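Heads up, the thing below is written out as structure tokens.
The values are calculated or read from the model by the stated rules, or taken from the named source; none is laboratory data. As the structure is a prediction and not an experimental result, all values here were calculated from the model. Counting neighbours? That spans all protein chains shown, and the Cβs are built from the backbone with ideal geometry, glycine included.
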Amino acid sequence: MSKVEENRKRPKTGGRTAGTPNKRTAAAKEAIEMVFAGLGGPEALQAWAASSEDNLKAFYVQVWPKILPLQVNGAGDNGEHILAVEWRVPNVAN
């Protein structure tokens, strides 16, 4: 048995327990939020994005996707998406 296989059999000891938030990540997020507010908040971001085509592209390619949900649940019983297709025959008068 290799060392890697032996290590996998041992229970986890030490470190953070599952679900405990990372303090450094929380502190960094708080600092970024403070800078964002100090630079003018949403109004300044909107003005920056609207100031040029390159900024608008940067907003939609780099900023906007970071706040979108990673998973979108549908209206179905298990979160599946429901698609309704309706076919209509045009009323053609001859």
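Remarks
- Output for region 50-69, where each listed residue is of a type in the set (S, T, N, Q) and exposed (fewer than 11 other Cβ atoms within 10 Å of the Cβ): SER51, SER52, GLN62
- Of all residues in region 8-34 being among the hydrophobic types (A, V, I, L, M, F, W, C) and either surrounded by 10 or more Cβ atoms within 10 Å (Cβ to Cβ) or not in a loop (DSSP other than H, G, I, E, B) (or both), the one that is modelled with the lowest pLDDT: ALA26
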